[in-house]
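Take a look at the structure set out below.
The values are calculated or read from the model by the stated rules, or taken from the named source; none is laboratory data. On a predicted model such as this, the values are computed, not experimentally measured, just so you know. When we count neighbours, we look across all protein chains shown, and the Cβ atoms used for this are built from the backbone with ideal geometry, even at glycine.
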Amino acid sequence: MNPLLSSTLARRAALLATLPVLALLPLPDFWITQANYIGLYALVVLGLVLLTGVGGLTSFGQAAFVGIGAYTTAYLTVNMGFSPWVTVFAGLAITAVSALAVGWITLRMSGHYLPLATIAWGLSLYYLMGNLDALGKYDGILGVPALTLGEWDLSRGRPFFVLVWAMVVLGAFALQNLLDSRTGRAIRALKSATQMAEAMGVNTFRHKVGIFLIAALFASISGWLFAHFQRTVNPSPFGLKMGIEYLFMAVLGGVGHVWGAITGALFTKVMEDQLQVLLPQLIGTSGSYEVIVFGIVLVLVLKYLPDGAWSLVGRWLPAPRRAENWAQAPALPERNKPAHGDVVLDVDQIRKQFGGLVAVNDISFQVRAGQIVGLIGPNGAGKSTTFNLVTGVLGLSSGTVKFRGEVISGLPSRDIAQRGMSRTFQHVKMIPDMTVLENVALGAHLRGSRGALSAMLRMDRGEEQQLMREAARQLTRIGMGEYLHEQAGNLAMGQQRLLEIARALCSDPALLLLDEPAAGLRHKEKEALGAVLRQLRSEGMSILLVEHDMDLVMDVTDHIVVMEFGTHLMEGTPEQVQQSPQVRAAYLGTEH
Ligand code: ADP
Ligand code: MG
């Protein structure tokens, strides 16, 4: 086994093995009980780290999913005599159905609908639990049986400590595994780069529903454990107040980091207990003053420690290093490419209106296999909009686009990507806190198939190495081989553009669309880019190139289409375009 991989495994096993040791220490029972609650909270907050911290989706309704897990097991064990080891799955199933329903309805809507919907969901479930006769109304269900393993009672202090914290630690490992995988890279794109992710073939909606589901399942497990720890359930721990508190823990601990979940749960629980003792002594009267202190602490944290308390610790830890063990991985299969000279892209009378502005006015042109076609024109001519129309990022007002003989206009950009069209963006779209290699591997998303479960269980490593090998190969090819493990956010502008090209190449495209790839590149880098483009062409690649650097355009293109104010001004060979008075006038802004 790879040494880096096995050292990770050893570290993880050691962490798990400390749990029984901790439980055997002569700590006061009170502390063990507190630790058990912290573990129960941390499980829920782990889900929120994935959902809110990484995915950028806010939920106030996690307590309701905890409630589903708790009530399902309480009802089925008390009233129907099921074993708790069975009811955990029943709880997960009911949670999954509810989460999919809530997610399916709300995640298509943008912005604030999800938080609002989760508030409504949290409230309605709370009142449902409180009003159903079968669930004991506000008194709840009493006499929930203990969790036993043979003769062993796992619901009591120390054994429960080992159980709940083993779940927390395994959950944290599963999430870490997930975030470092094909699916994880797609998830990490959800917060700030959905358009780019879709253009790389990621179904962002499905991934949003997916993380909503995973977060709900974590909460459900916590509820199951909670019911058998308390030995009774009633609605109050599953209301909106608790839903807000979970989110509070996540923010406090560090919503973007797996270990932030545990930090936040720990901090909140300890602070809550201390304040309940301290505040009455300080103020003299009793009341829920801790809520006020909580609010103040939250504001301070958001202002001075926006990445949460964990960031204080995390910044001293060494960055995880990726094992470079892909050399032996088999190459990914490649798609069939069009024969030299075939029409790859056929753009026919495409049009885009933004209100009264006709940004692209009935433009037509073709790209043939093995050809580099330049699309030029002054700023605002409609070149980027044309790119967005061809790649499905924007919808057409009218006209058709055919790719390899098939009409693709109207398809979502990820379906177009799947057919072998890949692009870069004029305004670089990458994920700054991922490494260069990971960013580029996102381009190969459609060439892998392993999903979340297989990533969590680390059964995706074979495919992962293939994806990494391909990403490294494309980066090396484009002269970025020394930056594989650099954070993408640290790159200079020119390098970021090269990253975009490598990412597009990673999808094994039949047509490559490059939007101003040379902007911000130094002279040497431009020459290298020119060489790469020529090499790609010699391998049969077709390229549509938008570029302002005329030396590069004239140097590499076979054919040029000139746009002005959204219209087709002329087209021809580089020589014809250079000699055209119309083009000169357009660029110099003179009347013609
Ligand atoms: P180019 O890439 O050739 O510089 P663009 O395609 O970016 O030009 O823009 C063409 C015209 O369309 C510009 O006038 C621009 O302001 C306008 N435009 C582009 N995108 C939008 C949009 N999303 N909404 C409204 N107007 C837009
Ligand atoms: Mg542009």
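Numbers at a glance
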| read-out | value |
| --- | --- |
| Close pairs from region 446-463: first more than 25 Å from residue 509 (Cα to Cα), partner of a type in the set (D, E, K, R), Cβ under 6 Å, at least 6 apart | 454/460 |
| Listing of helices (runs of 4 or more DSSP H) fully contained in region 430-518 that carry 1 or more residues being more than 16 Å from ligand 1 (Cβ to nearest atom) and within 19 Å of residue 539 (Cβ to Cβ) | 436-441, 461-477, 493-505 |
| Subset of region 531-561 that is closer than 21 Å to residue 334 by Cα and part of a helix (DSSP H, G or I) - its residue that is nearest to ligand 2 (Cβ to nearest atom) | 533 |
| Residue tally, condition more than 8 Å from ligand 1 (Cβ to nearest atom) and either assigned to a strand (DSSP E or B) or modelled with pLDDT of 95 or more (or both), over region 353-370 | 10 |
| Filter result for the condition that a residue is under 30 Å from residue 268 (Cα atoms), surrounded by 13 or more Cβ atoms within 10 Å (Cβ to Cβ) and either touching a Cys at 6+ places or on another chain (Cβ under 9 Å) or aliphatic (A, V, I, L, M) (or both), over 305, 345, 312 | 305 |
| Filtered residue count, region 187-197, keeping only those that are within 17 Å of residue 425 (Cβ to Cβ) and assigned to a helix (DSSP H, G or I) | 4 |
| Residues being among the polar types (S, T, N, Q) and on the phi > 0 side of the Ramachandran plot - total across region 512-546 | 0 |
| Residues that are modelled with pLDDT of 90 or more and within 16 Å of ligand 2 (Cβ to nearest atom), drawn from region 502-530 | 513, 514, 515, 516, 517, 518 |
| Residue under evaluation residue 345, criteria (1) outside any strand (DSSP E or B); (2) in contact with a Phe, Trp or Tyr (Cβ under 9 Å, 6 or more places away or on another chain); (3) not small (Gly, Ala, Ser), criterion not met | (1) |
| Residue satisfying all of: in region 377-406; of a type in the set (Val, Ile, Thr) and within 7 Å of ligand 1 (Cβ to nearest atom); surrounded by the most Cβ atoms within 10 Å (Cβ to Cβ) among these | 386 |
| Single residue of 398, 422, 384, 364 found to be away from ligand 2 (no atom under 16 Å from the Cβ) and under 27 Å from the mean Cα position of the chain (by Cα) | 422 |
| Unique match (being under 20 Å from the mean Cα position of the chain (by Cα) and small (Gly, Ala, Ser)) among 504, 531 | 504 |
| Sole exception among (1) away from ligand 1 (no atom under 16 Å from the Cβ); (2) of a type outside the set (A, V, I, L, M); (3) under 24 Å from the mean Cα position of the chain (by Cα) for residue 349, by number | (3) |
| Single unsatisfied condition, residue 347 versus (1) hydrophobic (A, V, I, L, M, F, W, C); (2) without any contact (Cβ under 8 Å) to a residue 60 or more places away in the chain; (3) more than 21 Å from residue 415 (Cβ to Cβ) | (3) |
| Subset of region 169-204 (residues that are in contact with a Phe, Trp or Tyr (Cβ under 9 Å, 6 or more places away or on another chain) and among the hydrophobic types (A, V, I, L, M, F, W, C)) | 172, 175, 196, 199 |
